[in-house]
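Chemist: Take a look at this one; I'll ask things after.
The values are calculated or read from the model by the stated rules, or taken from the named source; none is laboratory data. Being a predicted model, the structure only gives us computed values, none of them experimental. With ideal geometry, Cβ positions are generated from the backbone for all residues, glycine too; neighbour counts draw on all protein chains shown.
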Amino acid sequence: MIKNIFLDRDGIINEIVMRADLVSSPRVISEFTFKNDFLNIVPKLNTFSGNIFIVSNQPDIARNLMDIDVLEHINIEISKVINPKEIVYCTCDGGNCGCRKPKPSMINQLIDKYNLKKNESVIVGDSVKDIESGINAGILSVFLETDYNKNQIVTPNYKIKSLNDFFQLNLF
């Protein structure tokens, strides 16, 4: 039974931002918009008796394309809607970073910090990096298939087309 949900942020909680043909994150608060799909599951998340974590790569900080104050403001907006146990970001821009997904460090650090069981944990994401991060951490993975990622080659435990489907997976 799942007691710990790890959510990616961009594409799961909020709408992605398309920059030319690139899937991107909001860089200013005016670009941050909750996904309707996410808002539909907020009541279920808010009554979930386990832990909810947010784990997200945010390299635009290191690239000087986004200010840390914007990231913190987005955290406040998210916390007005759900109450995650913790929000963890990797603000590095690749390279030798030890925490950037698909590496499992953000997940593993939270599992260690809160003494969680991996077999009671799942990550929900919309990218190959999210799913690989879950696989690398040894937890279940759920891939949200969308128009912008449907051609990605990914091997999650589950694929869903709507976040509403997540609660129909018989994991709880």
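Chemist: Mind checking which residues of the range 89-145 are in a loop (DSSP other than H, G, I, E, B), among the polar types (S, T, N, Q) and crowded, with 21+ Cβ neighbours inside 10 Å?
Modeler: Once the filter is applied, which keeps residues that are in a loop (DSSP other than H, G, I, E, B), among the polar types (S, T, N, Q) and crowded, with 21+ Cβ neighbours inside 10 Å, the range 89-145 yields only Ser127.
For (1) touching a Ser or Thr at 6+ places or on another chain (Cβ under 6 Å); (2) at pLDDT 95 or above; (3) closer than 16 Å to Val124 by Cβ, each residue gets a yes or a no:
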residue	(1), (2), (3)
Asn4	yes, yes, yes
Arg27	no, yes, no
Ile41	no, yes, yes
Leu45	no, yes, yes
Gly50	no, yes, yes
Ser56	no, yes, yes
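Chemist: Here's something else I'd like to know. I'm told Asp130 meets every condition in (1) within 14 Å of Asp8 (Cβ to Cβ); (2) among the acidic types (Asp, Glu); (3) free of Cβ contacts under 8 Å to residues at least 12 places away in the same chain except one. Can you identify the failing condition by its number?
Modeler: Exception for Asp130: condition (3).
Chemist: So which strands (runs of 3 or more DSSP E) stay within the range 12-74 end to end and still have 1 or more residues that are out of contact with any Lys or Arg (no Cβ under 8 Å at 6 or more places or on another chain)?
Modeler: The strands (runs of 3 or more DSSP E) meeting that bar are 17-19, 22-24.
Chemist: Which residue pairs have Cβ atoms closer than 8 Å, lie 6 or more positions apart in sequence or on different chains, and pair a first residue in the range 74-91 that is farther than 26 Å from Lys103 by Cβ with a second residue that is of a type outside the set (A, V, I, L, M, F, W, C)?
Modeler: Asn83/Asn46
Chemist: Look at Phe166 and say whether it is buried (at least 17 other Cβ atoms within 10 Å of the Cβ), among the aromatic types (Phe, Trp, Tyr) and touching an Asp or Glu at 6+ places or on another chain (Cβ under 8 Å).
Modeler: So Phe166 does not fit the description; no.
Chemist: Residues in the range 4-25 that are of a type in the set (Lys, Arg) and surrounded by fewer than 16 Cβ atoms within 10 Å (Cβ to Cβ): how many?
Modeler: 1
Chemist: If I filter the range 30-58 down to residues being hydrophobic (A, V, I, L, M, F, W, C) and touching an Asp or Glu at 6+ places or on another chain (Cβ under 8 Å), which single residue comes out as surrounded by the most Cβ atoms within 10 Å (Cβ to Cβ)?
Modeler: Val55
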